[in-house]
Every structure is written in C-alpha cells, then in structure tokens.
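What follows is a set of notes on a single structure, which appears directly below.
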Amino acid sequence: LWLSGDRLYMTGFSAAVRVLDLKTGTIDRVKGLPGGRSVAVDSKGNVYVGGGTTLRVMRPDGKVEVLHDSKKATADEVKLGDNPKHLGFDADENVLIADDFGHQIKKYVVADRKLVVVAGSGKKGKAGLDGPPLAAELDGPHAVYFHPPTKAIYIGDNRNKRVLKIEP
C-alpha cells in the first residue's frame, strides 16, 4: 500500500496496480502498469512497482519504463531479488527496496540509473550489527523507511523480529 494525497495505491502478488480514490471510494486499475509485490509514488507522481526481478516506473504522462531487470543484468551488476517486499524513498527520491529473499536493502539511484546495496551482506542471519551496514546479516527484510529529519534509515527485519536503524 502507498498513500499519495487522496489516493491509495495497492498491489501484491497481482497482475495489476489498483488505486482507491479516498474521496469517492472508487477503485480503478492503473492501466498499462503491470502489478508486482510492492508499490510507491514519489512527489512528482511517478508510480514505482517492484515485482519479480524487475523495478518499473509509470511516469505521469502514462509511459512505463523498466528501470531494472535482473534477468538482463550483467554479472557485476547488483540484482533485485525475486521478492521486493517494500519500496520507499530517500531524501533525493531514490527508490529504497526491501529485498526479502535477497536479505538486503537496495537502492535504485535515479540519477545514475543504477541499483546499489545499502544494507545487508546477502547472507541470511543475525550477525554483524556492530559493524558497517553492508556486513549486517538480515533475514527477510519486509520494510524500509527513510526518516527525513534525522536522515536515518529504518529496516523491518521480519524473520529476525527486529527493527534496525542506519545512522547517516
């Protein structure tokens, strides 16, 4: 779910993105945008969808673009796991991604058109919390949130039943 103004966007193991107009109660399908596991809308009205191994965006003009497809990525590129559980944004409106099966938090850097790892070693576990974010073991992160006032990133590390904080 993602709330943008008076519109609530929904997707999840679905072939569609749906939007609920909170004023009228009307639910519509966002035409032309395949569904996925997670959805988020930035301040410019771009609708991002993470699903399978892809990250897509629908621009306000209706154009849909695949920003990342792990099946087409080179061996040295960061890949999106098969289950991007949650999307969010940092201060620059780069897309933060909770990669459930990859046990990492990733970020799609819009200006560079590149996917990078923000936290998580990629190894399922609980270790590494006293070191750098990339050394931390996660187990199925389901949420990621950027807190603008503090510039901290919070991670819902689901199967470890904990919330982690990355300081700026």
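The values are calculated or read from the model by the stated rules, or taken from the named source; none is laboratory data. The shown structure was predicted, so the numbers you read here are calculated from the model rather than taken from an experiment. As a convention, Cβ positions derive from the backbone with ideal geometry for all residues, glycine included, and neighbour counts pool all protein chains shown. For the accessible areas, the whole protein counts, side chains as well, though only heavy atoms, and no ligand, DNA or RNA atoms are used. Shrake-Rupley method; radii C 1.70, N 1.55, O 1.52, S 1.80 Å.
Taking residue 12 as the residue in question, decide whether it is surrounded by fewer than 17 Cβ atoms within 10 Å (Cβ to Cβ) and under 24 Å from residue 113 (Cα atoms). Criteria not met by residue 12. Looking at region 94-102, is at least one residue in a loop (DSSP other than H, G, I, E, B) and either under 22 Å from residue 47 (Cβ atoms) or in contact with a helix residue (DSSP H, G or I) (Cβ under 6 Å, 6 or more places away or on another chain) (or both)? Within region 94-102, one or more residues are in a loop (DSSP other than H, G, I, E, B) and either under 22 Å from residue 47 (Cβ atoms) or in contact with a helix residue (DSSP H, G or I) (Cβ under 6 Å, 6 or more places away or on another chain) (or both). Scanning region 134-149 for residues that are assigned to a strand (DSSP E or B) and in contact with a strand residue (DSSP E or B) (Cβ under 6 Å, 6 or more places away or on another chain), we see that the one that is nearest to residue 168 (Cα to Cα) is 146.
Flag not set for residue 106, criterion: closer than 25 Å to residue 13 by Cα, open to solvent by 40 Å² or more (accessible area, probe 1.4 Å) and either at pLDDT 95 or above or of a type in the set (S, T, N, Q) (or both). Only one entry of 44, 71 meets the criterion of being closer than 19 Å to residue 7 by Cβ and outside any strand (DSSP E or B), and that entry is 44. Considering (1) in a loop (DSSP other than H, G, I, E, B); (2) over 16 Å from the mean Cα position of the chain (by Cα); (3) surrounded by 14 or more Cβ atoms within 10 Å (Cβ to Cβ), the lone condition that residue 131 does not fulfil carries the number (3).
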